Each structure stands twice: as structure tokens, then as C-alpha cells.
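**Student:** The structure is given below, and queries will be raised subsequently.
The values are calculated or read from the model by the stated rules, or taken from the named source; none is laboratory data. All of these numbers come straight from a predicted model, not from anything done at the bench. Quick reminder, even Gly has a Cβ in these numbers, built from the backbone with ideal geometry, and neighbours come from all protein chains shown.
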Amino acid sequence: MSLDKGITYERYLGALDPMIADCTVDYGTSGLYGEPDIDGAIDPILAEFSTWEGCTLKSLAFTDDATCEKELESANALRDEGTEEFTQALVMTSEFHSPSAEQAEGTAWEPDTDYKDWTWLLARRSSEDSWELLTWGQG
């Protein structure tokens, strides 16, 4: 599988190994998405997370169908003008640990801190399309 950043999921796993070695995934319960759908959403999250030097991903969790359905409107508000509307949204949360004080210097991270309920919003236009990571953050 090739990601938008031009390398495969497997190569990301190799590059991220220390950053995600202890990461757990909670697929939750969904009538909308199966594990392959959620796995597909994890790919762009890992691609972004790989750029967060010194951070360690502890967990990823699917939220729930109601949250995903509610966030579809937000996803469409974030799409590029003139592009086809998204028909599916997927929301995940994560927990990660920020870098040490030395590594966090000059970044937005509080050094050596656990961040919980970090939210990731992804969307796609059809079940055959790849997920697009639209936004992420706390809250």
C-alpha cells in the first residue's frame, strides 16, 4: 500500500518502530466501518505522526459511529473548494507522550507530557477511496 507521502505503510512501520512499539489500537464497535476501514485511516495518521520528532504514540481508538456521522459536515467544510463532497468521515482519538525538554525546545509541546484524547478527523468520498487526514488536535 502506498501512502500520499510516497512510501508504504510497511516502511512507515519500520521508521516509526520506536515511536509506536507499544501502541495499541482499539477498533471499538461500528456498524459503519470494519477493521480494514479503520486500518486504512491509521495509515495517514502514522504518516503525520512520523514527523513529530521525539513523540511516542501510546494508543489509537475509533470513537463511535455517531461522532463520525456528526463530523461529516465538518469534514466537508474543510475540503478544497470545487472538489467533490466527502460521503464518509472517521474520527479517532490517540494518546501520546511528548518529547523530553531538550527535544521539545522550540516546539508547541509541553515537555515530557502525556497527551490524551488527541482527535484525528479523516474523510473519503467513497469506500473505495483512501482516507484523507483533514485535521487533528486536542479537544
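**Student:** Restricting the range 92-106 to residues that are over 17 Å from the mean Cα position of the chain (by Cα) and in contact (Cβ under 8 Å) with a residue 12 or more places away in the chain, which is farthest from A47 (Cα to Cα)?
**Tutor:** Out of the qualifying residues, it is S100.
**Student:** Given the criteria free of Cβ contacts under 8 Å to residues at least 24 places away in the same chain, within 20 Å of T29 (Cα to Cα) and not β-branched (V, I, T), does A66 qualify?
**Tutor:** yes
**Student:** Quickly run through the range 62-90 and pick out the residues that are part of a helix (DSSP H, G or I), more than 15 Å from S130 (Cα to Cα) and in contact with a strand residue (DSSP E or B) (Cβ under 8 Å, 6 or more places away or on another chain).
**Tutor:** Result: T67, C68, E69, E71, L72, S74, N76, L78.
**Student:** Something else now. Given S98, S127, which one is hydroxyl-bearing (S, T, Y) and buried (at least 17 other Cβ atoms within 10 Å of the Cβ)?
**Tutor:** S98
**Student:** Residues in the range 93-139 that are in contact with a Leu (Cβ under 7 Å, 6 or more places away or on another chain), over 19 Å from E69 (Cα atoms) and in a loop (DSSP other than H, G, I, E, B): how many?
**Tutor:** Total satisfying the criteria: 0.
**Student:** Right, something else. Is it the case that some residue within the range 7-21 is at pLDDT 85 or above and of a type in the set (D, E, K, R)?
**Tutor:** No: zero hits.
**Student:** Can you tell me how many residues in the range 38-72 are modelled with pLDDT of 95 or more, more than 25 Å from E110 (Cβ to Cβ) and not hydrophobic (A, V, I, L, M, F, W, C)?
**Tutor:** 6
**Student:** Please verify whether the range 50-61 includes one or more residues that are in a strand (DSSP E or B) and polar (S, T, N, Q).
**Tutor:** There is at least one residue in the range 50-61 that is in a strand (DSSP E or B) and polar (S, T, N, Q).
**Student:** Give the range 57-75 a look and list any residue that's within 15 Å of H97 (Cα to Cα) and crowded, with 19+ Cβ neighbours inside 10 Å, or say none.
**Tutor:** L57, L60
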